[in-house]
Amino acid sequence: MTTNIREQIDESKLTGLQITVLVVCFFLNMLDGMDVLAISFAAPAITNEWAISLESLGIVFSAALVGMTVGAVFLSPYSDVFGRRNVMLVSLVLIAIGMLATSRAGSVTQLIILRFAAGVGIGSMLASMTSMVSEYAPNRLRNLFVLILHAGYPIGAMLTGFVAADLLPAYGWRPLFVVAGCATLIALPVVYFLLPESLDFLTKKQPNGALPKANAILSKMGHPQLAELPARDQESNDLKGGGVSVLFSDSLRAKTINLWLAFFMSFATLYFLLSWVVKLAIDSGLALENAIYAGVCLNLGAFFGSISLGALSNRFGLTKVIALFFLVGAGFIVAYGTSDVTVVWKLALVFLLMYFVQGAFTGLYAVAARLYDTEIRTTGVGWAIGAGRLGAIFGPIIAGILLGAGVSIGWTFILFALPMIFAAIFASSIGLTEQDG
């Protein structure tokens, strides 16, 4: 965005349009939480109906994760070419088709393919939303906006648990995917009519019709209109079409590597926790039929941790607070895995460890959004997510190997606290400045 427009947005009060962008994207991220975790709630019913093996079920789980990686790495960069809004609409279509078709799946193979397709849309939309929200936020609130956006995911996951608890016993697993697919379809007109294209994208990339679209947005925000589009500066021209290689230019190489490593480490531990935290709560004495309370505490901790980090980062610095949250989170991971306490305290530890771990993790999205310029922002965010998801794939696998080899739950949690320490080091080494983003 040109300096004058950027300064106007940074120095002005929030407008209704900016709040609308945040609310719509928050809603979309809630849908992501529903779409990703619906299979987890449906898994026991699918297993009973089809008598499939745990190995096959594991492939079904992984299919969406692989799809999300592909979407983040290969589809989301088109957001830097064709616009955030257009790629988000395409992503929603992919997700809706994948979810609705899943409700009609008749075999494990079909289920794997459809979960992969939905995952591609989810992965792509996540990176595009991060860029969109970042670009509409004033600088003073950018961290908070991005973290509020990503706090929608655990809320969607929690609501899915409540919906599943009502639907599955009475109607089976298929209606859960119908509900998720229909909710995604509803989001299509919401995005089409309420969500504008990124103003940064229009003024810097300057696609056909950019000037009237930019002026319409500026008018809604109460800012003066443009007589003509600003001239592209040399930096903008250098970034145009640079693709992934630009992420490793002299000025960005070290920051990109540190960001990818921080994502990798935190993804590995986060997905380990998502796989084992609730089970351990049940093993500690929580009745199976009340296991939803562990899930509620987990997702509430994630929500409040994300919001808190956003507020604290504006005062103390984004990467500093992320590093602190990772370190404190490591301590609570050890405490949770090794303590022998009552169920109430176990639930409290679930809340606290996710407060710090998920809070720090979502903070990395804000770092990525600040680190890269408009022309490569979604490419940068998408590839960082893709690199991190390798950790998400390996984390649960390594945990299974350790537990299968006889390593105790306590020592396994201690070992998975170590990536949090490395993530803190990598995050603090990124060297984010006020000028980034």
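The values are calculated or read from the model by the stated rules, or taken from the named source; none is laboratory data. Nothing here was measured: the structure is a model prediction, and the numbers come from that model. For neighbour counting, all protein chains shown are included, and Cβ atoms are generated from backbone atoms with ideal geometry for every residue, glycine included. To get the accessible areas, we keep the full protein, side chains included, count just its heavy atoms, and leave off ligands, DNA and RNA. Shrake-Rupley method; radii C 1.70, N 1.55, O 1.52, S 1.80 Å.
Extending 7 Å from the Cα toward the beta-carbon at both Phe162 and Ala311 defines two label points whose distance is 2.2 nm. Each eigenvalue of the Cα gyration tensor of the stretch 303-395, multiplied by 5 and square-rooted, gives one semi-axis; in descending order these are 28, 16, 9 Å. Strictly greater than 35 Å: what percent of every Cα pair in the chain meets that? The proportion of pairs with Cα distances above 35 Å equals 27 percent.
Show log10 I(q)/I(0) for the stretch 36-166 at q = 0.17 Å⁻¹, two decimals, from a solvent-free Debye sum over equal Cα scatterers. Taking Cα atoms of the stretch 36-166 as identical point scatterers yields -0.93.
Calculate the FRET efficiency for Cys182 and Leu229 from the Cβ-Cβ distance with a Förster distance of 35 Å, rounded to the nearest 0.05.
0.30
Put the Cα centre of the stretch 64-92 next to the Cα centre of the stretch 372-437 and the gap is 21 Å. Summarising the label geometry, the points placed 7 Å from Cα in the beta-carbon direction at Thr15 and Asn48 lie 5.4 nm from one another. The portion of the accessible surface of the stretch 143-276 made up by carbon and sulfur, rounded to a whole percent, is 63 (1.4 Å probe; DNA, RNA and ligands excluded).
Based on DSSP loop calls and a cut-off of at most 16 other Cβ atoms within 10 Å, the longest stretch of the chain free of exposed GluC sites (Glu not before Pro) is what?
Details: sites that count: Glu228, Glu434.
After excluding every exposed loop site, the longest remaining stretch is 1-227.
How many Å² of accessible area per residue for the stretch 299-437, probe 1.4 Å? Walk me through the numbers on the way to the answer.
On the way: 5160 Å² over 139 residues.
For the stretch 299-437, the per-residue accessible area is 37 Å².
Carbon and sulfur together cover what percent of the accessible area of the stretch 1-59 at a 1.4 Å probe radius? Don't skip to the answer; put the middle values down first.
Values: 1690 of 2720 Å².
Carbon-and-sulfur percentage of accessible area, whole number: 62.
Only DSSP H runs of four or more residues enter the estimate; each adds -39500 (n - 2.57), and after division by the residues of the chain the mean residue ellipticity at 222 nm equals -27000 deg cm²/dmol. Based on the convex hull around the alpha carbon atoms, the stretch 130-173 presents an average projected area of 3.7 nm². State the Kirkwood hydrodynamic radius of the stretch 339-381 in Å, one decimal place, computed from all pairs of distinct Cα atoms. After inverting the mean inverse Cα-Cα distance, the result is 12.5 Å.
I'd like to check one number: the per residue accessible area of the stretch 151-273, probe 1.4 Å, reported in Å² as a whole number.
Solvent-accessible surface per residue comes out at 46 Å².
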